[in-house]
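*Asks:* Take a look at this one; I'll ask things after.
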Amino acid sequence: MSTTGSPPTVADVVAVLDRRYPPAWAEEWDRVGLVLGEPSTPVRRIACVVDVVPETVDEALAAGADLIVAHHPLLLRGVSSVAATTYKGRIVHRMIKADVALYVAHTNADVADPGVSDALAARFGLTGLRPLHRPRPGSPADGPGRGIGRIGELPAPMTLAELTRHAAAVLPATAWGVRAAGDPGRMVRTLAVSGGSGDSFLAEATAAGVDAFLTADLRHHPAGEHLAAGGPALLDAAHWATERPWLDDLAAHLRAELGVETVVSDLDTDPWTVHAAAPDRTTRSPDREG
Ligand SMILES: [Zn+2]
């Protein structure tokens with residue numbers, strides 16, 4: 001659609017997104033689809049964000065967006081008030097006053113093919129992609145190529161230490177960066193990746209026989225026990241950085257299907273803002289000896 005033709009409406013955008021990311025594919029606990037907006041409102045520009053927070057809404061409004069597509073639900077749990085005196089109510093008010101619609105594609109975008117982790121896998125040039133966690137057989141999301149996370153082969157094998165530095169370079173920059181668990185010299189050929197919190201897929205990464213698994217929000221006990229049991233090496237990236245790559249794929253799809261303009265947010269919404277590497281432990285004073 002050109003600027004001289006009539007632009008698509010919110011309903012048109014919803015139809016395109018629901019076709020690529022059917023809401024029925026979302027996990028039962030998830031809340032996806034149209035959150036705010038009049039179906040008949042024209043949409044000329046769409047902002048793509050991971051998180052709906054005051055800063056990304058400011059950015060979208062400043063860019064003249066008519067609709068925001070977000071990965072994380074703004075309203076996941078039941079609410080009894082969206083009064084402007086509450087944090088989320090304030091965001092809802094800002095968007096409604098500006099006549100900006102909001103659409104969420106979360107676990108339905110994770111499971112889709114192509115989905116969130118395909119864009120993450122592409123940053124590493126992984127080939128021969130297959131899902132890490134397949135939907136339950138017979139469930140709405142069950143289908144060829146679909147599932148959460150991706151497994152693939154790196155273009156060339158590298159050590160875990162090299163892969164960690166490589167991951168920090170190819171992922172969107174954050175204060176958190178990337179940390180890894182396991183033998184730094186371990187060779188990695190097959191890599192599993194899962195955008196967002198991948199704690200619950202550790203056993204599946206082990207069962208798949210991958211050399212390493214990159215995800216976010218990993219914790220001390222599950223990670224330690226996973227490694228002690230001989231599981232693949234782990235790379236723990238910033239949550240936002242693992243999902244931000246998908247926004248480019250989302251925006252390209254919206255431009256191709258609807259002829260709209262898109263803006264992709266590079267505003268790092270990861271909560272961690274400072275990172276300090278400890279001084280080299282080999283040259284440090286022997287305060288931990290004895
Ligand atoms: Zn996430």
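*Asks:* Go through the residues of the stretch 220-233 one by one and say whether even a single one is in a strand (DSSP E or B) and in contact with a Gly (Cβ under 9 Å, 6 or more places away or on another chain).
*Replies:* Here is the first cut: in the stretch 220-233, the residues in a strand (DSSP E or B) are 233.
Filter once more, keeping what is in contact with a Gly (Cβ under 9 Å, 6 or more places away or on another chain): 233.
Yes, there is a match, as at least one residue in the stretch 220-233 is in a strand (DSSP E or B) and in contact with a Gly (Cβ under 9 Å, 6 or more places away or on another chain).
*Asks:* Name the residue that is nearest to ARG31 (Cα to Cα), counting only residues in the stretch 69-99 that are within 16 Å of the ligand (Cβ to nearest atom) and open to solvent by less than 30 Å² (accessible area, probe 1.4 Å).
*Replies:* Among them, the one singled out is PRO73.
*Asks:* If we scan the stretch 182-193, do we find a residue that is within 16 Å of the ligand (Cβ to nearest atom) and out of contact with any helix residue (DSSP H, G or I) (no Cβ under 7 Å at 6 or more places or on another chain)? Steps first, please.
*Replies:* Filtering the stretch 182-193 for residues within 16 Å of the ligand (Cβ to nearest atom) gives 193.
The next check asks that each one be out of contact with any helix residue (DSSP H, G or I) (no Cβ under 7 Å at 6 or more places or on another chain); those that pass are none.
No, that holds for no residue.
*Asks:* Taking LEU102, is it within 21 Å of VAL53 (Cβ to Cβ) and in a strand (DSSP E or B)? So that I can check it myself, show each step before the final result.
*Replies:* Values: within 21 Å of VAL53 (Cβ to Cβ): yes; in a strand (DSSP E or B): yes.
Criteria met by LEU102.
*Asks:* Right, another one. Based on this model, can you work out whether ALA105 counts as among the small types (Gly, Ala, Ser) and touching a Leu at 6+ places or on another chain (Cβ under 9 Å)?
*Replies:* Working: among the small types (Gly, Ala, Ser): yes; touching a Leu at 6+ places or on another chain (Cβ under 9 Å): yes.
Yes, satisfied.
*Asks:* Within the stretch 227-243, restricting attention to residues that are open to solvent by less than 20 Å² (accessible area, probe 1.4 Å) and more than 16 Å from the ligand (Cβ to nearest atom), which residue is nearest to the chain's Cα centre (by Cα)? Working first, answer last.
*Replies:* First pass over the stretch 227-243, keeping only residues open to solvent by less than 20 Å² (accessible area, probe 1.4 Å): 231-238, 240-243.
Among the residues that remain, those that are also more than 16 Å from the ligand (Cβ to nearest atom) are: 231-235.
Values: GLY231: 24, PRO232: 22, ALA233: 21, LEU234: 18, LEU235: 15 Å.
Ranking the candidates gives LEU235 first.
*Asks:* Look through the stretch 104-159, keep the residues that are among the hydroxyl-bearing types (Ser, Thr, Tyr) and within 16 Å of the ligand (Cβ to nearest atom), and return whichever of them is nearest to ALA241 (Cα to Cα).
*Replies:* Of all residues in the stretch 104-159, those among the hydroxyl-bearing types (Ser, Thr, Tyr) come to 107, 117, 127, 139, 159.
From the residues that got through so far, the ones that are within 16 Å of the ligand (Cβ to nearest atom) too are 107, 117.
Working: THR107: 17, SER117: 12 Å.
Out of the qualifying residues, it is SER117.
*Asks:* Which residues, taken from the stretch 34-68, are more than 16 Å from the ligand (Cβ to nearest atom), closer than 9 Å to VAL263 by Cβ and touching a residue at least 40 places away in the same chain (Cβ under 8 Å)?
*Replies:* Passing the criteria: ARG45, ILE46, ALA47, GLU59, ALA60, ALA63, ALA65.
*Asks:* How many residues are under 18 Å from the mean Cα position of the chain (by Cα) and among the acidic types (Asp, Glu) if we restrict to the stretch 19-54?
*Replies:* 3
The values are calculated or read from the model by the stated rules, or taken from the named source; none is laboratory data. Everything numeric here is computed off the predicted structure, so don't read it as measured data. As a convention, Cβ positions derive from the backbone with ideal geometry for all residues, glycine included, and neighbour counts pool all protein chains shown. With ligands, DNA and RNA removed, areas are computed over all heavy atoms of the protein, side chains included. Shrake-Rupley method; radii C 1.70, N 1.55, O 1.52, S 1.80 Å.
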